[in-house]
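Report on one structure; see the data block that follows.
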Amino acid sequence: MAIPGLDDLIASGLRGKRVLVRADLNVPMAHGSITDDTRLRASLPTLQRLREAGARVVVTSHLGRPKGDRKAEFSLRPVSKALADLLDAPVAFCEENVGRKPLEAIAELTEGQIIVLENLRFDPGEEQNAPAFVRSLAELADAYVNDAFGTAHRAHASTAGVARQIPHVAAGDLLTAEIEHLRAVREPARPLLVVLGGAKVSDKISVLDALAPHADTLAIGGAMAYTFLAARGVAVGNSLIEPTAFEDAKRVEALAAEAGNKLLLPSDHIIAQEISAESPTRIVEEIPKGWMGVDIGPETAERYKNEARQAQTVFWNGPMGIFEIEPFATGTRSVAQGLAASGGLTVVGGGDSLSAINGLGLGDEIDHLSTGGGAALEFVQGLELPGVAELER
Ligand code: ADP
Ligand code: MG
């Protein structure tokens, strides 16, 4: 199904029109300052295009989890300042997100000017998708743009409800790029390789269930692999495992086998006795008592890398080891390099996976880095995201 994009909306003529943009300005903050402005930078292209089209741009977002209360530490005011710096243009701010104050402030904007409204989640109506809050938001604008893919899996007032109340809607450039690339994982050029890692099977059961029958090859690393190995009866020493997920692991293996797909597990491991950079490491095929798997071994890394080389599409979520600790980051680095060298389409999602890729300086070598987190995982499973569905409608 086609989602209306920014081109269509701009072509309809936006000069002087009020455009409500649901952006993702949910940046990490510490002591009142922004520690990583990736999401702000990612929001700029859509905002710039709307400015150039002469729209009066009304930017809304949530920040953190204020849970329906006005809490000073979650104010978007410092974020609006940072946005002004990045755009090198004045950005107005309104401490209310609906009602008379923003209506008046928006009326005073000049063509191409931006205003940021206060954190949507200061109002309980946002997360409840409450009809009254939806109507108040809709009153603010003539057109609506959703560019917040990271919250598209939530049916909130600003992501779903308001799209029904404003006649002209479109996906922003960021959201469009996410959908295009993640759709290419859902309907892939084959072979499709999915690499999954990270800490817990239980976090990703639904992803595993959905992708085991879908991916030609499912390569598993991270602590997750030890739950799979332990479920097979392999000794894993003190590795992080989830005995309550053994049945899930067996089911996922069966799903892959039924579909004739390959499910790969590590055949060698980097092990340590403690989770510390000073702890001596060994490379082994069998994990002895008292030791734990902290990373995939070099032979496994080479196998996964080869798979990436041969794949037409690769989706990766979850690091291969405790990559935050340098001596345990080798497997994650190898797989990242494998993706970088792949001739296929490469898509990476997940907070830790992105920080691993960016930390290695390989971000530019990957076709798409999804900032979507949970939304990306839901989308590749084939689930409908309310925020996307409302735009399609
Ligand atoms: P993402 O944020 O990319 O979705 P996850 O949050 O699922 O990834 O997993 C990341 C975490 O998994 C990291 O903190 C990493 O240290 C941990 N991890 C990976 N391998 C292991 C392992 N062998 N033992 C313990 N923790 C691991
Ligand atoms: Mg994580």
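The values are calculated or read from the model by the stated rules, or taken from the named source; none is laboratory data. All figures in this text were calculated on a predicted structure; none of them were measured in a lab. No Cβ is skipped: glycine too gets one built from the backbone with ideal geometry, and neighbour counts run over all protein chains shown.
Across the stretch 36-68, which residue is surrounded by the most Cβ atoms within 10 Å (Cβ to Cβ) among those that are assigned to a loop (DSSP other than H, G, I, E, B) and over 18 Å from the mean Cα position of the chain (by Cα)? Give the derivation first.
To start, the set of residues in the stretch 36-68 that are assigned to a loop (DSSP other than H, G, I, E, B) comprises 36-37, 53-55, 61-68.
From what's left, over 18 Å from the mean Cα position of the chain (by Cα): 53-55, 66-68.
Numbers: ALA53: 20, GLY54: 17, ALA55: 29, PRO66: 20, LYS67: 11, GLY68: 14.
Here the answer is ALA55.
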### Message
So LEU193 passes all but one of these: (1) assigned to a helix (DSSP H, G or I); (2) out of contact with any Leu (no Cβ under 7 Å at 6 or more places or on another chain). Which condition number does it fail?
### Response
(1)
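Is it the case that the stretch 119-126 has a residue that's of a type in the set (Lys, Arg) and surrounded by 20 or more Cβ atoms within 10 Å (Cβ to Cβ)?
yes
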### Message
So in the stretch 335-365, with the set limited to residues that are touching a Gly at 6+ places or on another chain (Cβ under 8 Å) and not in a helix (DSSP H, G or I), which one is farthest from ligand 2 (Cβ to nearest atom)?
### Response
GLY349
### Task
Out of THR332, THR300, report the one residue that is in a helix (DSSP H, G or I) and in contact with a Phe, Trp or Tyr (Cβ under 6 Å, 6 or more places away or on another chain).
THR332
### Query
Residue check, VAL252 against (1) over 26 Å from ALA340 (Cβ atoms); (2) more than 16 Å from ligand 2 (Cβ to nearest atom); (3) out of contact with any Leu (no Cβ under 6 Å at 6 or more places or on another chain), all met but one. Which one?
(3)
### Message
Residues that are away from ligand 2 (no atom under 16 Å from the Cβ), outside any loop (DSSP other than H, G, I, E, B) and among the aliphatic types (A, V, I, L, M): does the stretch 303-313 have at least one?
### Response
yes
#### Entry: Residue that is basic (Lys, Arg) and assigned to a helix (DSSP H, G or I), where the choices are ARG154, ARG183
ARG183
## Note on the structure
Given the conditions (1) assigned by TED's automatic domain parsing to the domain that holds LEU265; (2) in a helix (DSSP H, G or I); (3) not aromatic (Phe, Trp, Tyr), every one holds for GLU324 apart from (2)
### Task
Identify the single condition in (1) crowded, with 17+ Cβ neighbours inside 10 Å; (2) within 16 Å of ligand 1 (Cβ to nearest atom) that ASN261 does not satisfy, given that it satisfies every other one.
(2)
### Message
Exactly one condition in (1) under 27 Å from the mean Cα position of the chain (by Cα); (2) surrounded by fewer than 14 Cβ atoms within 10 Å (Cβ to Cβ) is false for GLU278; which is it?
### Response
(1)
### Task
Tell me, yes or no, whether the stretch 366-384 has at least one residue that is more than 16 Å from ligand 2 (Cβ to nearest atom), out of contact with any Lys or Arg (no Cβ under 9 Å at 6 or more places or on another chain) and not in a loop (DSSP other than H, G, I, E, B).
yes
### Query
Hey, any hits in the stretch 252-274 for a residue that's β-branched (Val, Ile, Thr), farther than 22 Å from VAL201 by Cα and assigned by TED's automatic domain parsing to the domain that holds GLU324?
no
